[in-house]
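The values are calculated or read from the model by the stated rules, or taken from the named source; none is laboratory data. The model shown is predicted, which means the values in this text are computed figures rather than measured ones. Ideal geometry is used to build each Cβ from the backbone, glycine not excepted, and the neighbour counts take in all protein chains shown.
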Amino acid sequence: MPVIGFFHYNLRADRATLDVLRDFYVDVVGLRVGPRPPFSSFGYWLYIGERAVLHLSEAGPNERRLPHASGTFDHVAFESVDLRGFEAHLSARGIDFRRAHVPLLDLWQLFFLDPAGNGVELNFAGNEGR
């Protein structure tokens, strides 16, 4: 019974925050809004290629955190290209970010926060940082 891949992650918030998050993940990160089943609740599905990797779901006004949500979420990571272009893109939008290198993997990383305070990590092949 092995897990064979990553499917999606879900962020829940009020509708106004969902719109801000949608715009951020589309305009800053580069995901795209795509089809979403006709659920009874409001939301968006954001895609990389043909896969919906981020579900944005409306939380009701009196909704509490789910019992299994421990508050330990730190960040989501995306494989990316054009390190210098992304650095310029983030800087132009006034988004603070931190750059790191993982020598063993020869991987460059950019870390920043979305408007709700969730961490975002972009990963780039090592040759992009040279």
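Of note:
- Residues of segment 1-45 that are surrounded by 13 or more Cβ atoms within 10 Å (Cβ to Cβ), basic (Lys, Arg) and within 24 Å of residue 88 (Cβ to Cβ): 22 alone.
- Only one of the listed residues (54, 83) is of a type in the set (A, V, I, L, M), surrounded by 12 or more Cβ atoms within 10 Å (Cβ to Cβ) and in the same structural domain as residue 5 (by TED's automatic domain parsing). That residue is 54.
- Of the listed requirements (1) surrounded by 12 or more Cβ atoms within 10 Å (Cβ to Cβ); (2) assigned to a loop (DSSP other than H, G, I, E, B), residue 90 misses just one: (2).
- Number of the condition not met by residue 80 [criteria: (1) modelled with pLDDT of 95 or more; (2) more than 22 Å from residue 125 (Cα to Cα)]: (2)
- The residue list 104, 31 contains one member that is on the phi < 0 side of the Ramachandran plot and within 14 Å of the chain's Cα centre (by Cα), which is 31.
For (1) among the small types (Gly, Ala, Ser); (2) without any contact (Cβ under 8 Å) to a residue 40 or more places away in the chain; (3) not in a loop (DSSP other than H, G, I, E, B), each residue gets a yes or a no:
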residue	(1), (2), (3)
11	no, no, yes
16	yes, yes, yes
21	no, no, yes
41	yes, yes, no
55	no, no, yes
60	yes, yes, no
71	yes, yes, no
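- If you go through segment 102-118 and keep only what is surrounded by 13 or more Cβ atoms within 10 Å (Cβ to Cβ) and in a strand (DSSP E or B), you end up with 107, 108, 109, 110, 111, 112, 113.
- Scope segment 119-130; condition under 23 Å from residue 9 (Cβ atoms) and either touching a residue at least 60 places away in the same chain (Cβ under 8 Å) or assigned to a helix (DSSP H, G or I) (or both); matching residues: 120, 122
- Annotation note: Cβ proximity below 8 Å between a residue of segment 75-89 that is under 17 Å from residue 32 (Cα atoms) and a residue that is surrounded by 12 or more Cβ atoms within 10 Å (Cβ to Cβ) and among the aromatic types (Phe, Trp, Tyr) (sequence gap 6+ or interchain) occurs for 80/86; 80/124; 81/124; 86/124.
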